[in-house]
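Colleague: Here it is, the structure, as structure tokens.
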Amino acid sequence: MATLNFKGKPLVWNHHLSVPYHQLVPRKDKSLTDKVRLDDNLIIHGDNLHALKSLLPRYAGKVDLVFIDPPYNTGNENWSYNDNVNSPIMKEWLSSNPVNAEDMLRHDKWLCMMWPRLVLLRELLSEQGSLWMTLDDNEVHRARIMLDEIFGESGHVVQIAWQKRTSRENRATFSPSFDHVLVYSKADAKYWGAFRKLLSVSGEILSNPDSDPRGPWISVPFSAQGYRENQVYKITTPSGKVLDPPKGRCWAATEPEFKRLLREQKIYFPKDGDGRPRVKQFERKGLVPDTLWLAEDVGDTESSKKELLSIFAAEADLGLHAPKPTALIERIIHIASDEDSMILDSFAGSGTTAHAVLKANAKDEGHRRFILVEGEGYADRITAERIRRAIKGYAWSGTQREELLREKLNWTKLQKADALLAKVEAIKAKEGFAESPDLAAPGKEAQRFDRIAVRIEDGELRVEGEKKISERVEGLGGEFTFCTLGDPIDPERLLSGESLPDYANLGAWLFHTATGGTLDARRVKPAEFYLGEAESHHVWLIYKPDLGFLKSPEAALTLSFAKQLRERRKGKKHLVFAAAKFLSNKQLLEHGVEFAPLPFALYREA
Ligand SMILES: C[S@@+](CC[C@H](N)C(=O)[O-])C[C@H]1O[C@@H](n2cnc3c(N)ncnc32)[C@H](O)[C@@H]1O
């Protein structure tokens, strides 16, 4: 297999192994949940290299979908190479941050930054998991060879073109219209095909949350823009709530038609019968996703900026680089996840991935979970805040536009400019905005818009009616725990008693290191000193983060503790981590117990 050589490769090849495990420290004040938990949706503030390593003890092999949108390395993104690789050349790199276009080693630095993160992301993926990464022309060719090496060539699933802009960049040699989305699977891509879902004809995924015998379906809201008198009436949900149409809208059909749809069981009330009515649409067959994803189906960078601005309204300059549209990530989620999948984005930015997960769950009542990692100071102010607003709902104000005329301009049309202007004037008059007094009177009272905008864009004349609206976007529901990275779990510092991790963090690390498995937080019983069950052992940890305890005989594995283990947890051998043992190897053998000393044993003898 062809491989890629770059400066620093021998040093980062196995760098992920020497990255320390940091403790994940939940922050109640920044979380949106009653009880902070590390098996909740997580938003982690910190460098993703450390965060990914810290996730391994709990999530190795558990993540079904990774979506990442890393720095594209365009030369003007201000990203920095900050990894603590133990080598003089790479330490010197830290002094030439941020990485810019003049940096002759910028591609080497980018590859060195990405390599250990991709290795860890692969370790976190489940057997049916896949990694999706957006890039542009700057690094996509190098990234593919690097990913071939990390995932194996057989892991390469596809390279998708996503239309990121529909307007033209006239100063460029070529105006870039699309970004790449690289897709790699942990399993052989041939087999991964069995896990991916089909798209419905309209580009959305079909699902069957209520086990409808007619088969999978999609649903659309049972409401329409505007006001029609016979489409305004009360609808009672199965939970007993009486609903009017949403503000500024009417129901999608008259009451008799609604009743007919209800009888035919084509009306779906989400949120266990408490949500607004939706109409089911059945289709017989889905479509295989293709490799050209158009802006009109999944959004572009313009629409994603507007999306973000609508959430943060007046808090204008968010200083964020190119957020992705939620529709793009929603499509990825639909293709590559199930209703209870775990989804990870370690370059979270504005948190689009978590927003898309919440939307996908709201659509099909799924229980997907997300983990986001963001290194910048805005992890709370923007990343988490967006998700707080998406969960709880937010006020939205903006301009609604309706296209009234679009005409390509050419020489013939310009020669007949008067006719074109008359057309525009007639539209304005019809909408009650006539400039000429002769045309003004009729229709004035029925103004649908606040303004008629006329402009020329991309060689086209466009006339649009604009209306300022403000409404509340309903919350999608959900919760998350916000974490920061605490002290590394460092045996040297354990020895001195300088840093004593909490039970859960030390337990997860020891369990993963000793067994290669992940700790199920729900099974941990600190009061019993029980960590959980690995393939061949029950694992115990006699520990409290308290020097007094660790120096006392209570911290030792005793004969009476060993004797009880077979009774307390049956069927497997027992592995016990403790600071000391007060029984012989023969006695350990007799009771099917293996002992693993904690570094505190040395401390105790010192
Ligand atoms: C291109 S943006 C992602 C945008 C995101 N997809 C969205 O829709 O908003 C890349 C993000 O990765 C973050 N990032 C870059 N390097 C990182 C690192 N080493 N650890 C954590 N976050 C990092 C940046 O701060 C930035 O917010």
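Colleague: Go ahead and run the numbers for FRET between GLU471 and VAL158, Cβ-Cβ distance against an R0 of 41 Å, rounding to 0.05. Each step should come with its number before you reach the end.
Modeller: Working: r = 39 Å, r/R0 = 0.95.
Efficiency computed from Cβ-Cβ geometry: 0.60.
Colleague: Over 24 Å between C-alpha atoms is what I'm after, so list which of LYS408/LYS430; LYS91/LYS324; LYS62/LYS197 land there. Don't skip to the answer; put the middle values down first.
Modeller: Values: LYS408/LYS430 22 Å; LYS91/LYS324 33 Å; LYS62/LYS197 19 Å.
Checking Cα-Cα distances, LYS91/LYS324 exceed 24 Å.
Colleague: Could I ask something else about it? Arrange the residues ARG388, ARG455 by how much accessible surface each exposes, largest first, with a 1.4 angstrom probe. Write down the numbers at each step before the final one.
Modeller: Numbers: ARG388 35, ARG455 80 Å².
Result, largest first: ARG455, ARG388.
Colleague: What full-extension length gain, to one decimal in nm, is calculated for SER175 and SER87 as 0.36 nm per residue of separation minus the Cα-Cα distance?
Modeller: Details: separation 88, 0.36 × 88 = 31.68 nm, distance 4.06 nm.
Here the segment from SER175 to SER87 would lengthen by 27.6 nm.
Colleague: Expressed as a whole number of Å, what is the distance separating the alpha-carbon centroids of segment 13-37 and segment 134-209?
Modeller: Cα centres, segment 134-209 to segment 13-37: 29 Å.
Colleague: Follow-up question, since we're still on this one. At a Förster distance of 45 Å, what's the computed FRET efficiency of SER584 paired with ASN14, Cβ-Cβ distance as r, to 0.05?
Modeller: Working: r = 39 Å, r/R0 = 0.86.
E between SER584 and ASN14, to the nearest 0.05, is 0.70.
Colleague: By how many nm would the segment from ASP290 to LEU320 lengthen if fully extended, with 0.36 nm per residue of separation less the alpha-carbon distance? Each step should come with its number before you reach the end.
Modeller: On the way: separation 30, 0.36 × 30 = 10.80 nm, distance 2.98 nm.
Here the segment from ASP290 to LEU320 would lengthen by 7.8 nm.
Colleague: Loop-only trypsin sites (Lys or Arg not before Pro) in segment 78-140, please: DSSP not H, G, I, E or B, and at most 15 other Cβ atoms within 10 Å. Intermediate results must be reported in sequence, preceding the final value.
Modeller: Numbers: sites: LYS91, ARG106, LYS109, ARG117, ARG122; in loops: none.
Filter output for segment 78-140: empty list.
Colleague: Round to the nearest 0.05 the FRET efficiency obtained for LEU547 and LYS572 when R0 = 41 Å and r is the Cβ-Cβ distance.
Modeller: On the way: r = 32 Å, r/R0 = 0.78.
The pair LEU547/LYS572 has a calculated efficiency of 0.80.
Colleague: Using 7 Å Cα-to-Cβ label points, what is the LYS563/ARG462 separation (nm, one decimal)?
Modeller: In this crude spin-label approximation the distance works out to 8.3 nm.
Colleague: Give, in nm to one decimal, the length gained when the segment between THR33 and ARG263 is fully stretched (0.36 nm per residue of separation minus the Cα-Cα distance).
Modeller: In short, 78.9 nm is gained.
Colleague: Taking a point 7 angstrom from the Cα of ARG455 along the C-beta vector, which residues in segment 296-311 have backbone N less than 20 Å away?
Modeller: Answer for segment 296-311: 296, 299-311.
Colleague: Given a 1.4 Å probe and every protein chain left where it sits, what share in percent of the accessible area of the chain is carbon and sulfur? Write out the running numbers ahead of the final one.
Modeller: On the way: 15520 of 29680 Å².
Taking all protein chains in place, the chain shows 52 percent carbon and sulfur surface.
Colleague: Determine ³J(HN,Hα), in whole Hz, for all residues of segment 417-422 in sequence, where each value follows from phi through the Karplus function 6.51 cos²θ - 1.76 cosθ + 1.60 and θ = phi - 60°; x replaces Gly and Pro.
Modeller: Result, rounded to whole Hz: 4, 4, 5, 5, 4, 5.
Colleague: Here is a follow-up. Taking the Cα atoms only, what angle lies between the long axis of helix 503-515 and the longest principal axis of the chain, rounded to 10 degrees?
Modeller: 80
Colleague: Can you tell me the accessible area per residue over the chain, all protein chains present, probe 1.4 angstrom, in square angstrom? Please list the in-between numbers first.
Modeller: Numbers: 29680 Å² over 606 residues.
Using a 1.4 Å probe on heavy atoms only, each residue of the chain averages 49 Å².
Colleague: From zero up to wherever the largest Cα-Cα distance of the chain sits, split into 20 Å bins and tell me the percent of pairs in each.
Modeller: Histogramming the chain at 20 Å steps yields 16, 43, 30, 9, 2, 0 percent.
The values are calculated or read from the model by the stated rules, or taken from the named source; none is laboratory data. Everything numeric in this text was worked out from a predicted model, so none of it was measured. FYI the Cβ positions are ideal-geometry reconstructions off the backbone, even for glycines, and counts take in every protein chain you see. Just so you know, the surface numbers come from the protein's heavy atoms only, side chains and all, with ligands and any DNA or RNA stripped out. Shrake-Rupley method; radii C 1.70, N 1.55, O 1.52, S 1.80 Å.
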